[in-house]
Amino acid sequence: MPLVELHFQSPHHGAMLARIGTRGAQLVSLQRSSVEFIQPVKQGYPVPWSAGIVMAPWVNRITDGKWSQNGVEYQVPINEPKYHNALHGFTGDAEFEVQSQGANFVVLGTQIVPTDGYPFALDYSVEYRLVEEGISVIHRATNRSSQPAPFATGAHPYFVVGKDDLAAATVVVPADTIVEVDKRLLPTATVSTVRHRFDLRGGQDVGLLHMDNTFGGLHRGLDGVFHARLSGRRYALDIWQGPEFNYCHIFVTREFSGPFGDTLAIAIEPTTGPADNFNSGTDLIWLSPDVEWKGSWGVRILNLIP
C-alpha cells in the first residue's frame, strides 16, 4: 500500500511525523519525537479490524445490509459475515487519490459510485494535517446525484499512549447516553450512562473494558468541541470532535491483529451517527445535491510529565 509521509517541526514539541495509507485513507502512524501514538497493525487487506480507515457513506453496521427509502428496499454487500451485517461503508477498502499535498498535509479523495444498494454518486475526501500539538482531520462530501443522499461518516483510529501500558491507561468519554447492543452488535436501546457499566465520564482503565458501544449526548465546550481522553503515565491523547460529529464510538478488544500477534487495542471513533441509522434515521445526514458537507476532528498529544 502506498504511504504518504507528513512532517512538521514544532518549536515547542519537536519533530512530528504521520504516515497515511492511500487505501482507506488509513491513519497508519502518528509520532512525536519518534514516539508512536497509533496502534501498530499487521498489514493486509482488508485492513485488519478496520484500523485507521475512514467510514462512509455509513458508519458501524446496517442490519443484514438492508435499508429502505420511500418504500424501496436496498441491499448493500454483507462484509461482516459473522453477524451478517454491512460494516463501515465503501471507503475502507477504496484506493484514494492524492488530490493535493504539502510537507505537513495531504488531501486524499475518492468517488462513491452509484450501485443497486446505494444509488448515489458522492465525492468524498479526507485531509490530514500535522499541527503544533498533533493532527487535524477534515472530512468532506458532496452529493453529485440529482436527489438527496443519506450519509454518515467517521474514522476508526486505534491509539496507544507511547510506550505506556495501554491496559493501565484511562479512557474518559464525557457523554450522557450510550447505545446498548445485542449479540450481533446491533443497537437495542439508548440509555443513560449514569451507573452504567460503561460509564466513562470519570474514566475507566482500558484493561478492564471489553466493549463495542456508541456514546451520544456528548459534553461540549462553548466552542462546540467534544473531547475524549486517553491517559497513560507519561502521555495523554486529547481526541477532539467538531460539532458535526455527534457521537463517539469506543471499541476495546484483546484480539487486535498486531505485528506480533493478538493484543489489547482501543479504537476511539468520531462518528456523525450511531449504528444502523440508515434504518432508524437517528442523526442521519441527508446531503442535498451539489452541497458540500464538512466535519473535523483531531488529536492533541499531551505531556503528563515535564
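The values are calculated or read from the model by the stated rules, or taken from the named source; none is laboratory data. Since the structure is predicted, the reported quantities are computational estimates derived from the model, not experimental observations. Methodologically, a virtual Cβ is constructed for each residue, glycine included, from the backbone with ideal geometry; neighbour enumeration extends over all protein chains shown.
Some points to look at:
- Qualifying positions in region 206-230 - part of a strand (DSSP E or B) and surrounded by 21 or more Cβ atoms within 10 Å (Cβ to Cβ): Asn213, Thr214, Phe215, Leu218, Phe226, Ala228, Leu230
- Restricting region 241-262 to residues that are over 19 Å from Leu185 (Cβ atoms) and at pLDDT 95 or above, the residue that is surrounded by the most Cβ atoms within 10 Å (Cβ to Cβ): Gln241
- Counted residues, region 163-186 - those being under 18 Å from the mean Cα position of the chain (by Cα) and either in a strand (DSSP E or B) or closer than 11 Å to Arg201 by Cα (or both): 7
- Residue in region 65-78 that is among the polar types (S, T, N, Q) and within 23 Å of Ser257 (Cα to Cα) present: no
- Matching residues, region 274-306, being farther than 28 Å from Ala167 by Cα, touching a Phe, Trp or Tyr at 6+ places or on another chain (Cβ under 8 Å) and in a loop (DSSP other than H, G, I, E, B): Asp283, Leu284
- Counting only residues that are free of Cβ contacts under 8 Å to residues at least 24 places away in the same chain and within 19 Å of Gly92 (Cβ to Cβ), region 1-41 holds 3 of them.
- Exactly one residue out of Ala121, Ala141, Ala152, Ala103 is surrounded by 15 or more Cβ atoms within 10 Å (Cβ to Cβ), within 28 Å of Phe8 (Cβ to Cβ) and of a type in the set (A, V, I, L, M): that is Ala141.
- Residue in region 147-165 that is within 23 Å of Thr263 (Cα to Cα) and hydroxyl-bearing (Ser, Thr, Tyr) present: yes
- The criterion of at least 1 residues that are within 30 Å of Gly207 (Cα to Cα) and touching a residue at least 24 places away in the same chain (Cβ under 8 Å) is met by the following strands (runs of 3 or more DSSP E) wholly inside region 98-161: 122-131, 134-143.
- Residues in region 4-26 that are surrounded by 20 or more Cβ atoms within 10 Å (Cβ to Cβ) and among the polar types (S, T, N, Q): Gln26 alone.
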